[in-house]
Amino acid sequence: MGPVLLLIFINDLDKNLCSSVLKFADDTKLFSRVDTSEEKDLLHRDLDYLLDWSDTWQMPFNVSKCQVMHLGKDNQEFEYFMGSHKLEVVKEGRDLGVQFVDNLKPFRQCQSAYSKACRVFGMKGRTISYKDADLLVRLYKSLVRPMHIWSIACQLGHQNI
């Protein structure tokens, strides 16, 4: 019942926002394209609205965990605040298992998928003493190949970027 009540409780969170918002459980992401100081002011207004909302409903944001990631080459990289707290600027982050970098290139995600596949493959070789070919193929297909395919897809995608 707790997750359902949370969803009902935060349903109006994005009611008066100009920026886009993503909500997943207790995680909220606010994002917008900001090219001018007017657009920066709109985003600041949305941040202030979120703080007011959290004060009204007594669900404060942990502003020390709030961060800003500037995307794109020509980004002016404005400073943002929640209340009096200046938001930390980060170059990379992780969300729902996906690694994001400010240039949006998939290198870190590919590297992570490749090293995870190698670790699983090595663990399979160290722990399985019964080396039946059919068993090894099944283990590879179920444990290693999904990660290996993801790392290959990342590498192919990385070459096209």
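Out of curiosity, is Phe78 modelled with pLDDT of 90 or more and of a type in the set (Phe, Trp, Tyr)? Criteria met by Phe78. Does Val4 satisfy being over 18 Å from Asp102 (Cβ atoms), over 21 Å from the mean Cα position of the chain (by Cα) and among the β-branched types (Val, Ile, Thr)? Here the answer is yes, as Val4 does meet what is asked. In the set (1) part of a loop (DSSP other than H, G, I, E, B); (2) touching a strand residue (DSSP E or B) at 6+ places or on another chain (Cβ under 9 Å); (3) in contact (Cβ under 8 Å) with a residue 24 or more places away in the chain, Met59 fails one condition alone, (2). Beta carbons closer than 6 Å, at least 6 apart along the sequence or on distinct chains, pair a first residue in region 24-50 that is at negative phi with a second that is crowded, with 16+ Cβ neighbours inside 10 Å and of a type in the set (S, T, N, Q) for Leu30/Ser19; Ser32/Ser19; Leu43/Ser19; Asp46/Ser19.
Checked against the criterion of being under 30 Å from Val144 (Cβ atoms) and either assigned by TED's automatic domain parsing to the domain that holds Val144 or among the acidic types (Asp, Glu) (or both), region 27-49 has no qualifying residue. Confirm whether Asp102 is at pLDDT 75 or above, closer than 30 Å to Ser37 by Cα and not assigned by TED's automatic domain parsing to the domain that holds Leu13. Answer is yes for this residue. Restricted to region 86-110, and to residues that are in contact (Cβ under 8 Å) with a residue 40 or more places away in the chain and part of a helix (DSSP H, G or I), which residue is surrounded by the fewest Cβ atoms within 10 Å (Cβ to Cβ)? If we take residues in region 86-110 being in contact (Cβ under 8 Å) with a residue 40 or more places away in the chain and part of a helix (DSSP H, G or I), then Phe107 is surrounded by the fewest Cβ atoms within 10 Å (Cβ to Cβ). Please verify whether Leu87 is within 13 Å of the chain's Cα centre (by Cα) and hydrophobic (A, V, I, L, M, F, W, C), treating the condition exactly as stated. It is false that Leu87 is within 13 Å of the chain's Cα centre (by Cα) and hydrophobic (A, V, I, L, M, F, W, C). Number of residues in region 21-53 that are surrounded by 14 or more Cβ atoms within 10 Å (Cβ to Cβ) and more than 21 Å from Glu79 (Cβ to Cβ) equals 2.
Taking the listed residues Met82, Met123, Met69, the one that is in contact with a Gly (Cβ under 7 Å, 6 or more places away or on another chain) and either within 30 Å of Val4 (Cβ to Cβ) or surrounded by 11 or more Cβ atoms within 10 Å (Cβ to Cβ) (or both) is Met69, with no other qualifying. Within region 62-82, being free of Cβ contacts under 8 Å to residues at least 24 places away in the same chain and part of a helix (DSSP H, G or I) holds for Ser64, Lys65.
The values are calculated or read from the model by the stated rules, or taken from the named source; none is laboratory data. All values reported here derive from a predicted model rather than from experimental measurement. FYI the Cβ positions are ideal-geometry reconstructions off the backbone, even for glycines, and counts take in every protein chain you see.
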